[in-house]
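Trainee: What follows is a structure written as structure tokens; I'll ask about it next.
Read-outs: derived from the displayed coordinates by stated rules, not from any lab. Small disclaimer: the values here were computed from a predicted structure and weren't measured. In this analysis, Cβ positions are derived from the backbone assuming ideal geometry, glycine residues included, and neighbour counts consider all displayed protein chains.
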Amino acid sequence: MRRSGKHEAVGEDKLIDNEIDKFLKRLSCAAIAIASLTLLFLFLHTPDTCVPHHAPRKPHLRFPKSTCDFSTRVYVPADKRNLRLRYTRLWKAKVNSFSILFRDLALLRNHSHVLCVSAGAGHEVEALHRLGVDEVTGVEILESPPLVGRADPHNLPFFDGAFDLAFTARFDEALFPARFAAEMERVVTSGGACLVLVAECGNDEVREVVGLFRNSKLVRSSNVSLSGTRMTSILMRTRDNSSWFIAP
């Protein structure tokens with residue numbers, strides 16, 4: 001009797017284990033099915049971003065459902081974008097800052113030919129125009145029409161001695177400073193000038209910058225403020241036979 005009772009208990013335990021295994025398998029299959037259906041639903045119904053229902057529909061605020069479901073933005077030419085930029089308060093402040101810099105240096109005449117190297121969006125070009133300088137050329141790796149054209153500052157596409165003054169406010173950012181300086185000197189006429197702005201520094205750093213301009217002589221250096229940023233202005237003259245620039 002005892003053996004038969006033990007056999008019955010073992011049989012009941014196996015039956016319970018089998019039922020638990022079946023339940024777990026069914027539960028796993030159900031979970032896999034639910035997860036698969038959920039992923040399929042999300043794939044077929046990509047939700048919009050969190051935009052109020054009453055807000056107007058905008059193409060850039062909506063996820064595309066496929067590569068064919070898209071709406072392009074209206075293309076705005078670079079010159080029109082820059083025209084809008086020129087009416088901002090920040091633009092006007094930077095242009096005014098450059099205007100003060102050039103006016104205080106008293107370097108220019110109306111007929112002077114000026115090259116602005118690495119001119120960015122063209123704040124310095126605009127400032128020189130406002131001061132009455134007619135022949136101003138601005139260049140940058142990426143053009144910014146109508147004030148700045150495209151050119152490599154390390155390989156300027158101009159003849160030797162084409163300009164009276166070469167100016168840059170981004171000499172610190174030059175990849176090859178010696179080449180950058182040589183190109184500025186090359187395009188400046190005999191007796192012309194190179195004007196460079198660098199981060200505010202002392203006399204030792206000024207001498208290092210001037211040393212890169214092998215065909216120029218230091219005229220003066222001074223600390224200036226450009227749009228609230230402290231910088232050092234370094235003015236150099238090429239050779240010694242110049243009667244071109246006006247004494248301040």
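Trainee: Could I have the simple spin-label model distance between residue 229 and residue 22, label points 7 Å from Cα toward Cβ, reported in nm to one decimal?
Mentor: Computed distance between label sites residue 229 and residue 22 equals 7.7 nm.
Trainee: For a Förster distance of 41 Å, can you work out the FRET efficiency between the beta-carbons of residue 204 and residue 135, rounded to the nearest 0.05? Spell out each step's value before the answer.
Mentor: On the way: r = 36 Å, r/R0 = 0.87.
Given R0 = 41 Å and the Cβ-Cβ separation, E is 0.70.
Trainee: Can you pull the one-decimal nm distance between simple spin-label points at residue 111 and residue 152, each 7 Å off the Cα toward Cβ?
Mentor: About 3.5 nm, to one decimal.
Trainee: Residue by residue through region 171-176, what is 3J(HN,Hα) from phi via Karplus (6.51 cos²θ - 1.76 cosθ + 1.60, θ = phi - 60°)? Round to whole Hz and write x for glycine and proline.
Mentor: Per-residue couplings from phi come out as 5, 4, 8, 5, 5, 10 Hz.
Trainee: Each label point is 7 Å from the Cα along the Cα-to-Cβ direction; what then is the distance between the points at residue 83 and residue 172, in nm?
Mentor: 3.5
Trainee: For a test of the definition: using alpha carbon positions, the gyration tensor, and the 1.5 limit on a/c, classify region 76-159 as rounded, prolate or oblate.
Mentor: Note, shape of region 76-159 comes out oblate.
Trainee: Further question: Tell me, what is the FRET efficiency for residue 215 and residue 103 to the nearest 0.05, using R0 = 25 angstrom and their Cβ-Cβ distance as r?
Mentor: Numbers: r = 27 Å, r/R0 = 1.09.
For R0 = 25 Å, the calculated efficiency reads 0.35.
Trainee: Taking K and R as +1 and D and E as -1, what net charge do the other residues with C-beta under 12 Å from the C-beta of residue 169 add up to? Don't skip to the answer; put the middle values down first.
Mentor: Working: positive: 94, 170; negative: 124, 140, 172, 173.
Overall, the nearby charge balance is -2.
Trainee: While we're looking at this one, here's another question. Separation of region 194-236 and region 110-186 by C-alpha centroid, Å?
Mentor: 17
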